[in-house]
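> This is the structure, below, for whatever I ask next.
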Amino acid sequence: MAERTQKQKTSTSRTEDEVVDGAPATTATGEKLKAELDDLLDEIDDVLETNAEDFVKSYVQKGGQ
Amino acid sequence: MAIPKVCGIETEYGILVRGADNNPVTASSLLINSYLAAHTRQRVSRIGWDFEDERPGNDARGFSLDDALAPEIETHLVNAVLTNGARYYVDHAHPEISTPECRDALEVVTFDRAAEEIVRMSMVAARQMLPDGAEILCHKNNSDGKGNSYGCHENYLMSRETPFGRIVAQITPHFVTRQVVVGAGKVGCELPGASADDVPFQLSQRADFFEEEVGLETTLKRPIVNTRDEPHCDASKYRRLHVIVGDANMSEVATYVKVGATAIVLAMIEDDVLGDDLVLANPVGAIRAISHDPTLQRSVALRSGARMTAMEIQWSLLERARKYERSHGLEAVGDEVGADVLRRWEEILTGLEHDPDSVADVVDWVAKRRLVEGFAARHGARPGDARLKALDLQYHDMRPERSLAAKVGLRTVADPDAVRQAITDPPTTTRAYFRGRCLQKWPTDIVAANWDSLVFDVGRDPLRRVPMMEPLRGTADHVASLIADSDTAAELLARLGA
């Protein structure tokens, strides 16, 4: 399975990185993710539902299983 | 030895109509019919689901409520069988896809991902049927934030010889604590009386909805262990453990570890090596307490009187699984996949222990919490702010351009080509192969299908039912050449001696 592990492309169009398999999660990963999160928060206004309040209010589901 | 853990996932998607009448039952039917019309050779609803062997009221503890319960499945609703061996249907007021029977956790991820693609294709196809500007939105989540929940169920093949009481007692600690690894995260709390200030964020979509330790219900007073005894195969040999306690995951790795680790723990229970020492004093209280504590520090009481955190219980289960791997092997869950699952399970626990943010690329609740906390810090949003709940909902949005899960950099495990193929082709490793290939080759000769049979209409003879009572018969190894060599369904039936 190791060779199948891939880094999914983020919306910030970063190049795909091979994740080193078997390595424990590292601080470097944490730093990289933080930078990505900042980028994502930058663009989130375009992605978020325009009227969050109305959207959340209208999101009513019937119960299921 | 434990029997092969044939497994699958059934997911009910949240559904919302914009710009047209928001009736979830009608919308779910339209969604599925649009897909069938646009992407399959089936005439809509031509191949129906066969309810002959459905017994959702049978209880694994040995009694039946079929007479007392209203029929759970309304037969007039859309109910299709796909050529990949999956079932795509309207359940209650949601579109639901059950993956075909899979041989291991990697196949489950592949077919769960294919199911997501099918839902996306359905949303696009449904747009053509709706007024201009109207659309159907689907979310792969489990709650609307207003107290309504819908499920993502797992199924595992178990030996009938394993005492059900042992399964209940020994799997419950895993079901209560695995949310630290595979919870999908939720903004707020849906317990009556709890406010967003009490629980601004929790690990699980579903934990607020579990009220019993064990029982038959799935829609009310949900139990942590569901007792539905409906094996969809030879009932004298097998059970199907129907697991209703999980969240729908956006992270492929989470789905992988959820199914893979659970299959291993069930194999250990079947081989009676797990033991009773992790049995919890109060599982219902514990599942909520653990979900409501993203610091992962809260301990819960065991029946022995000891207290452990969810992390400690998960570590203990992982250590036992490692030992089991050495003593028994992992053939029941697939050796290679089983070993990979253990490695990833350990990576996640290690990450959660040292720096939870380091597993934000595999653990859904961590990925979601970073998003929510980052947004809250930047915009000064307080608990209860609608924008935070909108972020939560949108994490699960099936529209690729709106899905926040698609933007947080989640790692993947399924081969993208295998996912594409799984939209139309069945797994080769289970009886789903026979179901799927027959539907591909003879769509007009099959009048009904369900998990354990296909019903053929080949003209002048009476309808012919082909039973498939063994989940691991009807694989590509068994029937690929038989199907290839048969020009007609009648020829296939003759060769099968049906």
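The values are calculated or read from the model by the stated rules, or taken from the named source; none is laboratory data. As the structure is a computational prediction, the values presented were derived from the model and not from experiment. Neighbour counts are summed over all protein chains in view; Cβ atoms, including those assigned to glycine, are modelled from backbone coordinates with ideal geometry. Calculation scope for accessible area: heavy atoms of the full protein, side chains included, ligands and nucleic acids excluded. Shrake-Rupley method; radii C 1.70, N 1.55, O 1.52, S 1.80 Å.
> Given the options B:G305, B:L393, B:Y89, identify the residue whose Cα lies farthest towards the positive end of the charge dipole of chain B (+1 on Cβ of Lys, Arg; -1 on Cβ of Asp, Glu).
Of the options given, the answer is B:L393.
> While we're on this one: Among B:198-205, A:38-45, B:313-320, B:417-424, how do they line up from the highest to the lowest mean number of other beta-carbon atoms within 10 Å?
So the peptides B:198-205, A:38-45, B:313-320, B:417-424, ranked by packing, come out B:198-205, B:313-320, B:417-424, A:38-45.
> Could I ask something else about it? Using a 1.4 Å probe on the protein heavy atoms, what percent of the accessible area of the protein assembly as shown belongs to carbon and sulfur? Intermediate values should be presented prior to the final figure.
Values: 10360 of 21150 Å².
Using a 1.4 Å probe with all protein chains present, the protein assembly as shown comes out at 49 percent carbon and sulfur.
> Compute the normalised compactness of the protein assembly as shown: alpha-carbon radius of gyration over 2.2 N^0.38 Å, N being the residue count.
The reported ratio for this selection is 0.93.
> If one computes the Cα centroid of region B:256-307 and of region B:188-214, what distance in Å separates the two points?
Cα centroid to Cα centroid, the span is 18 Å.
> Can you give me the three principal axis dimensions of region B:194-302 from its C-alpha atoms, in Å, biggest first?
So the extents along the principal axes, rounded to whole Å, are 51, 31, 31.
> May I ask you to work out the translational diffusion coefficient for region B:304-356 at 25 °C, viscosity 0.890 mPa s, via Stokes-Einstein with Rh from the Kirkwood sum over Cα pairs, reported in whole µm²/s?
Translational diffusion coefficient: 203 µm²/s.
> Using all Cα-Cα distances in region B:5-417, what percent lands in each 10 angstrom bin from 0 up to the longest?
5, 23, 34, 27, 11, 1, 0
> Identify all lysines with a Cα-Cα distance to A:K32 below 30 Å; exclude those on the same chain that are fewer than 8 residues away in sequence.
Result set, ordered by chain and number: A:K7, A:K9, B:K140, B:K186, B:K258, B:K368, B:K389, B:K407.
> Shifting gears a bit: Thinking of region B:273-377 as a set of Cα atoms, what percent of all their pairs are more than 24 Å apart?
Taking all Cα-Cα pairs of region B:273-377, the fraction more than 24 Å apart is 37 percent.
> Would you tell me the mean number of C-beta atoms belonging to other protein chains that fall within 10 Å of each C-beta in A:36-47, as a whole number? Please report the intermediate quantities before stating the final value.
Details: counts 6, 11, 2, 2, 8, 7, 1, 1, 10, 1, 1, 9.
The per-residue average across the peptide is 5.
> Magnitude of the Cβ-charge dipole of region B:282-422, K/R +1 and D/E -1, about the Cα centre, nearest 20 debye?
Computed about the Cα centre, the dipole is about 680 debye.
> With solvent modelled as a 1.4 Å probe, how much accessible area in total do chains B and A shield from it at their shared surface, in Å² to the nearest 100? Walk me through the numbers on the way to the answer.
Numbers: alone 19580 and 6240 Å², together 21150 Å².
Summing both sides, the interface buries roughly 4700 Å².
> A follow-up question, please. Express the accessible area of region B:427-494 per residue in Å², computed with a 1.4 Å probe while the remaining protein chains stay in the model.
The answer is 42 Å² per residue.
> Would you tell me the mean number of C-beta atoms belonging to other protein chains that fall within 10 Å of each C-beta in B:385-395, as a whole number?
Average per residue, whole number: 5.
> For B:N58, enumerate residues with amide H under 5 Å from its amide H, sequence gap 5+ or separate chain, H modeled in the peptide plane.
B:L65, B:D229
> In addition: Within chain B, which whole H helices from DSSP have a Cα span along their axis of at least 24 Å and a mean Kyte-Doolittle hydropathy of 1.0 or more, if any?
B:252-270
> Using heavy-atom solvent-accessible surface (probe 1.4 Å) with all chains present, what is the largest-first order of B:E117, B:E401, B:E161? Write out the running numbers ahead of the final one.
Details: B:E117 50, B:E401 110, B:E161 165 Å².
I get B:E161, B:E401, B:E117, largest accessible area first.
> Please enumerate, by chain and number, the lysines with C-alpha under 21 Å from the C-alpha of B:K237, excluding those fewer than 8 residues away in the same chain.
B:K5
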